[in-house]
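Data block below; observations after.
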Amino acid sequence: MQSMFMKARTALETKGRFASGAVPEEIADSWYRCLGHGLDPVGEPLDADIGIHALRETRQKHEKLLRVIRPELELLSTQIAGTNHMTAFADNRGVVLDAIMDTEFSMSKCARSVRCGTIWDEKLRGTNALGLALHTGRTSMVTGAEHYFASHSKVSCVATPVFDSQGQIVGLLDASSEVAARQFHTQALVELAASNIENRLFIEDHRANNIVQFHPREEYLKTQSVGMISFDENGTILGANRRAAQLLNGLDFAGLSQFRDVFRTDFGTNLSAMRGGETVRLVDWLNSAFFARIRLSRLALGTSSQNLALNLPSTYEVPSLPDTPVFRDEQVLNSLRLAIRAAKMITPQHVIGAPGTGRTTFVQAVHKASCPDKPLIAIDCRTANVNAESDGLTGELFGGDNNSSFLIETGGMLVLEDLSEATGRASEQLAQLINRLLQHKSSAKWSIIVTENDDPKEAAHWPKFVSMTFSKLRQLEFQLPALKERSDASLIAVSMMARLSTDHQLSRSAIDAIFDLHAPNTFYDLEKLLTTLAIQCSASVLRAEHVNRYIVHEDLRDAVCPRCKGNSAKEAKCREINRVFVECNANIALAARKLGVSRNTVYAHTRISVDEG
């Protein structure tokens with residue numbers, strides 16, 4: 001027995017009219033418009049196409065937008081995989097500019113119709129999700145026989161508009177499949193992808209302004225569901241994303257122009273607090289409370305290194321590499337040789353070591369030996385968790401030809417620092433990027449190195465496809481020992497001092513004093529000690545006595561010399577001398593002047609005994 005809808009469908013095809021009450025309202029309205037355009041529901045739609053030259057020009061015109069769109073299309077395609085599907089992006093005329101489809105869908109009749117350059121305006125293609133979303137400005141779902149043309153009845157589609165920061169439609173995202181059962185799930189994913197794109201476009205348009213992110217729940221401030229309002233330095237509203245209007249429901253947002261028109265508090269005070277890294281509490285004029293923070297732009301952060309957009313912020317800072325890295329420790333040298341061999345064979349590997357064990361230097365040495373003419377791109381996966389929802393992923397570029405565009409065809413080395421810390425959207429974007437690099441079939445090859453503090457562990461919150469992708473990287477592991485456990489620690493100290501200061505040299509006694517008395521566990525600890533020596537001491541050859549004099553133990557501030565121990569009055573005076581000595585950066589003469597005592601007194605209580613020369 002035919003359903004009411006199918007009876008209406010049959011009437012449309014045979015009589016050119018139908019009972020509108022049997023058809024969803026938006027679909028019925030679209031069918032009526034198509035009848036008005038003179039379209040035949042049982043005929044074939046016009047295969048409208050703008051042509052290859054116009055397509056090339058349109059893509060060039062929207063190049064920046066497409067760089068934002070592409071990773072969302074790829075991620076969306078991954079999320080709905082297994083449904084005989086296609087994802088596409090069309091501009092605000094309904095012209096398809098980019099599309100991704102799985103193998104099964106690519107062999108269907110529909111795939112030959114939905115290709116780049118084709119126009120999916122309702123007037124030409126009848127009722128379809130792209131055309132309907134373009135007409136209504138809302139998310140549209142068109143399932144099977146709801147399409148105006150009978151030839152489209154085997155496909156179900158979901159499309160949603162993408163708005164720029166001025167509220168204008170710049171394009172449409174579409175997901176089409178021959179499996180209709182998961183369309184409501186697909187709709188949620190398509191809308192989330194559109195929200196991600198809109199937030200990135202908003203941030204790009206207002207990067208030089210103060211972007212305030214707010215949400216009723218503080219833990220949601222790092223998600224895509226935040227409202228964002230852009231202000232100038234005086235609190236004038238310059239723009240807002242769609243989510244902001246939804247959260248401020250009840251306020252006539254379009255008529256508001258100042259911070260004080262929205263929130264019951266002072267703009268300047270809150271701006272200062274947010275710039276200081278605080279999360280503040282704001283209350284609007286309808287007494288709705290929100291947590292808010294300021295989104296620091298790249299300009300505000302003032303990064304000086306070259307950022308490479310991966311189109312999928314992370315920011316990654318690498319300490320300077322010594323001119324001659326030291327790898328004389330037997331364990332480290334053996335690991336380096338194997339890592340270089342693995343990189344040349346394009347075998348993923350893990351480098352495990354605590355912060356300050358030389359992971360960055362190790363990775364750069366592997367890159368220099370295996371592919372020095374190719375780029376080295378590094379992503380800090382911890383920072384990616386903060387920026388991924390709005391900026392997408394960015395990495396630091398080292399080596400290569402300084403091209404600011406990420407081209408998968410170039411090949412090179414990708415370093416993922418603390419991959420196990422990646423969560424949420426960042427983990428999905430990273431998994432997508434890794435899959436692209438591992439599956440790329442051209443002659444260009446990418447070596448992937450993961451650096452971790454501890455042995456990698458699978459995170460329980462990762463989706464299945466993320467866990468499966470990350471597991472592909474666990475083929476080889478190399479452990480880096482702590483600095484104090486390395487047999488070449490003294491050579492590292494000599495090399496590091498040569499880089500820090502050309503005016504100083506370390507003697508054997510100085511090296512022994514550094515490692516025996518202060519036991520630096522990391523490269524950072526050692527660099528701090530050597531920097532202090534280079535700044536404080538004017539002698540060209542540094543000896544043990546200089547180490548004892550200028551490198552002060554942290555516990556010296558409350559230390560008591562043997563002569564004063566046991567006498568409370570003397571202990572108090574001794575602690576005062578040691579405290580001032582530490583505050584004066586081990587400057588005996590300055591400490592003596594501040595305390596009003598002789599230099600010999602300071603020497604005696606701080607247990608320092610060294611000739612000035």
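The values are calculated or read from the model by the stated rules, or taken from the named source; none is laboratory data. Keep in mind that what you see is a predicted model, and the values were worked out from it rather than measured. Glycine gets a Cβ as well: all are built from the backbone with ideal geometry, and neighbour counts include every protein chain shown.
Only one of these is of a type outside the set (Phe, Trp, Tyr), out of contact with any helix residue (DSSP H, G or I) (no Cβ under 7 Å at 6 or more places or on another chain) and modelled with pLDDT of 90 or more: ALA28, ALA11, ALA81. Name it.
Values: ALA28 fails: out of contact with any helix residue (DSSP H, G or I) (no Cβ under 7 Å at 6 or more places or on another chain); ALA81 fails: modelled with pLDDT of 90 or more.
From the options ALA28, ALA11, ALA81, the qualifying one is ALA11.
Mind checking which helices (runs of 4 or more DSSP H) fall wholly inside segment 178-290 and carry at least 1 residues that are assigned by TED's automatic domain parsing to the domain that holds THR103, crowded, with 21+ Cβ neighbours inside 10 Å and not small (Gly, Ala, Ser)?
Details: elements: 183-205, 242-247, 259-262, 267-275.
Of the helices (runs of 4 or more DSSP H) lying wholly inside segment 178-290, those with at least 1 residues that are assigned by TED's automatic domain parsing to the domain that holds THR103, crowded, with 21+ Cβ neighbours inside 10 Å and not small (Gly, Ala, Ser) span 183-205.
When you scan segment 36-50, do you find a residue that is more than 27 Å from MET6 (Cβ to Cβ), assigned to a loop (DSSP other than H, G, I, E, B) and in contact with a Gly (Cβ under 7 Å, 6 or more places away or on another chain), even just one? The answer is yes; a qualifying residue exists.
Of the residues making up segment 112-150, those that are part of a helix (DSSP H, G or I), over 33 Å from the mean Cα position of the chain (by Cα) and closer than 18 Å to MET101 by Cβ are ARG112, SER113, ARG125.
In this structure, does VAL68 turn out to be under 28 Å from the mean Cα position of the chain (by Cα) and either buried (at least 17 other Cβ atoms within 10 Å of the Cβ) or among the β-branched types (Val, Ile, Thr) (or both)? Full working, then the answer.
On the way: under 28 Å from the mean Cα position of the chain (by Cα): yes; either buried (at least 17 other Cβ atoms within 10 Å of the Cβ) or among the β-branched types (Val, Ile, Thr) (or both): yes.
When the stated conditions are applied, VAL68 passes them.
Just checking, which of GLY171, GLY131 is out of contact with any strand residue (DSSP E or B) (no Cβ under 8 Å at 6 or more places or on another chain) and crowded, with 24+ Cβ neighbours inside 10 Å? Before the answer, list the steps.
Numbers: GLY171 fails: out of contact with any strand residue (DSSP E or B) (no Cβ under 8 Å at 6 or more places or on another chain).
Answer to the selection: GLY131.
For segment 84-116, a tally of residues being under 24 Å from HIS185 (Cα atoms), β-branched (Val, Ile, Thr) and at pLDDT 80 or above returns 4. A Cβ distance below 7 Å, combined with a sequence gap of six or more or placement on separate chains, defines the contacts here; from segment 93-120, residues that are farther than 20 Å from LEU75 by Cβ reach residues that are modelled with pLDDT under 90 and among the acidic types (Asp, Glu) in the pairs SER108/GLU178; SER113/ASP47. Residues in segment 522-554 that are hydroxyl-bearing (Ser, Thr, Tyr), closer than 21 Å to ALA589 by Cβ and touching a Leu at 6+ places or on another chain (Cβ under 8 Å): TYR550 alone.
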